[in-house]
1. Rounding to the nearest 20 debye, state how big the charge dipole of the chain is about its Cα centre with +1 on each Lys and Arg Cβ and -1 on each Asp and Glu Cβ.
2. Order of 312-321, 454-463, 182-191 by packing, highest average Cβ count within 10 Å first?
3. Taking the Cα centre of the chain as the origin and placing charges on Cβ (Lys, Arg +1; Asp, Glu -1), which of Phe433, Leu293, Ile524 is farthest toward the positive end of the dipole?
4. May I ask you to compute the full-extension gain from Leu402 to Ile90, defined as 0.36 nm times their residue separation minus their alpha-carbon distance, rounded to one decimal in nm?
5. Restricting attention to the chain, give the cysteines that have no other cysteine Cβ less than 4.7 angstrom from their Cβ.
6. To the nearest 0.05, what FRET efficiency results for Ile387 and Ser126 with a Förster distance of 30 Å applied to their C-beta separation?
7. In terms of the ratio Rg/(2.2 N^0.38 Å) built on C-alpha atoms, what value belongs to the chain?
8. Looking at the square roots a ≥ b ≥ c of the eigenvalues of the Cα gyration tensor of segment 72-159, which shape do they give, rounded for a/c under 1.5, prolate if a/b is larger than b/c, or oblate?
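Since every read-out is calculated from the coordinates, none of them should be taken as a lab result. What you are looking at is a predicted structure, and each value in this text was computed from that prediction instead of being measured. Cβ atoms come from the backbone with ideal geometry, glycine included; neighbour counts cover every protein chain shown.
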Amino acid sequence: MSNLEDQRSFSAGDYVVFGCLFFVSALIGLFFAYRDRKKKSAENYLLAGRTMSGWPVALSLTASFMSAITVLGTPAEVYIYGTMFWWFFIAYTIVAIVTATIFVPVFYKLGISSTYEYLEMRFDRSVRIAGTCAFIIQTVLYMGMVMYMPALALNKVTGLSLIVSIVVTSLVCIFYTCIGGMKAVVWNDVVQCFVMWVGFVAIIIKGSSDAGGISKVISIANENGRIDFWRFDLDPRIRHSFWSIIIGGSLMWLSVYAINQSMVQRYLSCRSLAQAKLSLYLNDIGLFLVISLASLTGLIMFAVYNKCDPLTSGKVEKSDQLIPYLVMDILHSLPGIPGIFVAAAYSGTLSTVSTGINALACSTYEDLIKPAKPDISDSKAVLISKILVIIYGLLGLGVAFLSSLLDKVLTMALKMFGIIGGPLLGIFCLGIFTPVANSKGALAGLIGGLAAGLWLAVGSYMYPPTVEFTRALPLPTVGCIGLNVTSSSTMVPEYTGLANTLYALSYCHYSTFLVLFTWTLGVIVSLLTGGLKSRHDVDPRLLAFGGDEVLINLQVDLKRLHVLNLTL
């Protein structure tokens, strides 16, 4: 097996393939900037004039949060821990049904532009501002992590500086998002989604061939414990069990798909409620393809390296570098193919970052600027939104440099959803499902939930989970020259107290704990501050159960899913 240093070379074909991604992204931005040059309104710039159909929005949803963290992180996850991660697809399906049935109808029928407008309508302005600020922090941090991942990939396969890679990514995203608005973001996501699929397929075809075929890959993976779907432990400290993924994973991703501005903004850009719901169900099919391809890639990587693990043998420093290493190890002799992979990783990043900065601009303008200055002209509103795109793009750039200090970016990114997304989902559930909730309870619940999330994050960082709960599988190195150890032969620390209970909680359950904590605290404070007396004053449109409408929505959606399955 060749050393990584001997493989760091892009051919001219690789650069052409990789460069085409940036060219097409910029071209799409220029196209929509020219086509909509006479439409100078914030609604057209930030919400595509509410004219989008379901299928491009569905692919945009898939690309936006199935980012470079998925392209690089999920195969490494399966390589080290096995296939339990695939159960997240079931969680995605649950999330799609709940979001389409309960949350989207409420937001869409209110005609709002920002998710956090709902919080002011249901509670008061202070809750709206607090929710907006929490979203801004969450998204800027996440964008930075996502920018770092493909920069790492490019660094490992070409030797290009991490700094240069991160800066180029940031500038390209800022460019096409700034000039093209929401339409450029969505249609770029469509292109980038297909590029991600092609990148996985390229690795699967060559990797499975080198390993002796798919049947051989499955056999090797099964013999070494990589294929395992049957962990039904009830212990919430187990990193990935069926219950931690289905319950905790569903709540974690519900905080993304149901109330995160980056996602809801796409539903609101659809031309009808039916199209908005359709985008969610089609997105679920896209997510199935992505997680299945990524999981199979992880199994193929293990089959290729089942005698000599690159991580333990020191050929790579972090698990996030495994896929870039594999690409140049098995594909470096095929000009253009490594370029496809790097384009796939960058596609995930471009879609996620452009989505993030577009949503941040929308939320900042609609939630913080417009209420203070409601008489801003359309042309000035568009200008302000473009300036905000640039500012947030640069903030994400700064966070990207800090992300290089993290060991496992996939886990950290998912923890971010739980730590901040959990309390945010908690107050939306408080508003939508709990008529007795008032503004005092919502604000107390959000602040308390964020404080609890920070406490949990610090505790889990100081006392990282042990092998007993992470259940990393052995990575043999018997085939490596001069090295004969396995990655699991390390001392296991013994924790007691909170270090062995709350801090050891699976990252999947961060949202579970924080949603329940936020909701419970919010209900208690609301009841103590007159919530029972004011419950009849709540506008029924702001509640999921303001009648039997949610049940009607569910029946209609199930019929549509049945028709869609018959069609497919």
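1. Charge dipole of the chain: 1220 debye, to the nearest 20.
2. Averaged packing, sorted descending, gives the order 182-191, 312-321, 454-463.
3. With unit charges placed on the Cβ atoms, the residue in question is Phe433.
4. That pair, Leu402 and Ile90, stretches by 109.0 nm at full extension.
5. By the Cβ distance rule, which asks for a partner under 4.7 Å, the isolated cysteines are Cys20, Cys133, Cys173, Cys178, Cys193, Cys270, Cys362, Cys429, Cys508.
6. Calculated transfer efficiency: 0.70.
7. 0.95
8. Taking the square roots of the gyration eigenvalues as a ≥ b ≥ c, segment 72-159 is oblate.
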